[in-house]
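Every number here is computed from the coordinates shown, using simple stated rules; none is lab data. This is a predicted model, so every value here is computed, not measured. Quick reminder, even Gly has a Cβ in these numbers, built from the backbone with ideal geometry, and neighbours come from all protein chains shown.
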Amino acid sequence: MSKTSKHAPKIICISSGKGGVGKTSFSVNVATALAQSGKKVLLIDGDLGLANVDVVLGINVRHTMRETIEEGRELASCLVEITPGFQVLPASSGVPEMASLSYEEQAFLTSSLEEIIDRFDYVLVDTAAGIGESVLWFNTWSQVNIVILTPDPTSLTDAYALIKVLATRHGKKHFHLLINSVKSKKEGKEVFDNMRTVLERFLQIRPLALGAMPQDAQVSQAIRQQKPFLLAAPESRASQEIMAVAQRILAL
Ligand SMILES: Nc1ncnc2c1ncn2[C@@H]1O[C@H](COP(=O)(O)OP(=O)(O)OP(=O)(O)O)[C@@H](O)[C@H]1O
Ligand SMILES: [Mg+2]
């Protein structure tokens, strides 16, 4: 297939060292915000082991990536439209890690992904937590790497471990940090500054600040409603910060 006339989307990976820090919630809402500003957005549920974008959005998954890879079908048949301009490529529950896909299956997954991403302006990948094979693969595949952490000290050390592996073994040098669940702007800045100090001292990496999301009951309420909080509570503080983050992403 000719690559010359292809439109290249921006591929953005959303990861964290520690689990449960808000990757899926953030990804779904940033995707919604980017789509609201007229962009065509694809959100890939990169958690091949434990799907959760479909749960947060309350969508029924007809075909999963795993089945599609196994059956050699077009990945486009898996896409689910959430709002105009926002589509999801769901994963499926209970399937093994990327590492357990054969070399041929991995190659097929890569070429299938490259075929469907052309029609989008932004491709977001919501990865699993930690430093598993699929996490490293999706981060290497992406141009923009967002790492989410919270004020919880273990989240800082786990984020450091992830960044260290990506920097030392995969040549990644640019990271955008998103601090989630902060009680104040000041707390967000403190967490960012701590992380920056450690990254500069030990890895010679200067991270960029993408934003600080407030701890907001509307976020967990929206998850229970299986709706993006940007739609369920557009006036919430979380929605305001997501809009600001989306603007920063548009300016990248
Ligand atoms: N800013 C926030 N304010 C309040 N609660 C939040 C916030 N962000 C996330 N949460 C809560 O934290 C929980 C975990 O969020 P989410 O599922 O998005 O995390 P995750 O990083 O994707 O988890 P996993 O590592 O399991 O994939 C959710 O139940 C959500 O309600
Ligand atoms: Mg998740």
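When the Cα positions of Gly85, Gln36, Asn60 are compared along the charge dipole of segment 35-143, Gln36 comes out farthest toward the positive end, with charges on each C-beta of Lys, Arg, Asp and Glu. Between Gly58, Gly188, Gly211, the GNM of the chain built on Cα springs shorter than 10 angstrom shows Gly58 fluctuating the most.
For segment 46-85, the set of GluC sites (Glu not before Pro) satisfying both a DSSP loop assignment and a count of at most 13 other C-beta atoms within 10 Å is given as Glu74.
Quick check on segment 10-250: take the gyration tensor over C-alpha atoms, sort the square-rooted eigenvalues as a ≥ b ≥ c, and tell me if it's rounded (a/c under 1.5), prolate or oblate. Oblate shape, in that a/c is at least 1.5 and b/c is the bigger or equal ratio. Phi angles across segment 216-223 convert, under the Karplus curve 6.51 cos²θ - 1.76 cosθ + 1.60 with θ = phi - 60°, into 3J(HN,Hα) values of 8, 4, 5, 5, 6, 5, 5, 5 Hz, Gly and Pro given as x. Taking θ as phi - 60° and the Karplus parameters 6.51, -1.76 and 1.60, the scalar couplings of segment 127-141 work out to 8, 6, 7, x, 10, x, 4, 5, 5, 5, 5, 5, 5, 5, 5 Hz in sequence order, x denoting glycine and proline. Our coupling estimate for segment 74-82, obtained by passing each phi through the Karplus curve with A = 6.51, B = -1.76, C = 1.60 and θ = phi - 60°, is 5, 5, 4, 5, 8, 5, 10, 7, 9 Hz, Gly and Pro reported as x. Rounded to the nearest 0.05, the FRET efficiency derived from the C-beta distance between Arg73 and Gln247 at R0 = 41 Å is 0.65. Magnitude of the charge dipole for segment 99-188, about its Cα centre and with charges confined to Cβ atoms of Lys, Arg (+1) and Asp, Glu (-1), is about 660 debye. Less than 5 angstrom separates the built amide H of Ser16 from those of Gly130, Ile148, all sequence-distant by 5 or more or on a different chain. Near the amide H of Ser181, within less than 5 Å, lie the amide hydrogens of Met213, Gln215, all on another chain or at least 5 residues away, with H placed in the peptide plane.
Close amide H partners of Ile44, meaning residues 5 or more places away or on another chain with modelled amide H under 5 Å apart, are Leu89, Leu124, Val125, Asp126. Only helical runs count toward this figure. For the chain, summing -39,500 (n - 2.57) over DSSP H runs of n ≥ 4 and dividing by all residues gives -13500 deg cm²/dmol at 222 nm. From the alpha carbon centroid of segment 181-195 to that of segment 10-56 is 22 Å.
In the chain, taking the dipole from charged Cβ atoms about the Cα centre, the farthest positive-side position among Ile11, Ala107, Ile117 is held by Ile11. Of the options Thr140, Ala232, Gly49, report the single residue whose Cα projects farthest towards the positive end of the charge dipole of segment 10-250 (beta-carbon charges: Lys, Arg +1; Asp, Glu -1). Ranked along the dipole, the leading option is Ala232.
The slack in the chain from Leu231 to Ala107, taken as 0.36 nm per residue of separation less the alpha-carbon distance, amounts to 40.9 nm. The alpha-carbon of Lys189 sits under 28 angstrom from the alpha-carbons of these lysines, leaving out residues fewer than 8 places away in its chain: Lys10, Lys18, Lys23, Lys164, Lys172, Lys173.
Hey, what did segment 70-204 get for relative contact order, percent, Cα under 8 Å, at least 6 apart? Could you put the intermediate results ahead of the total?
Working: 100 pairs, mean separation 23.6, N = 135.
The normalised contact order for segment 70-204 reaches 17 percent.
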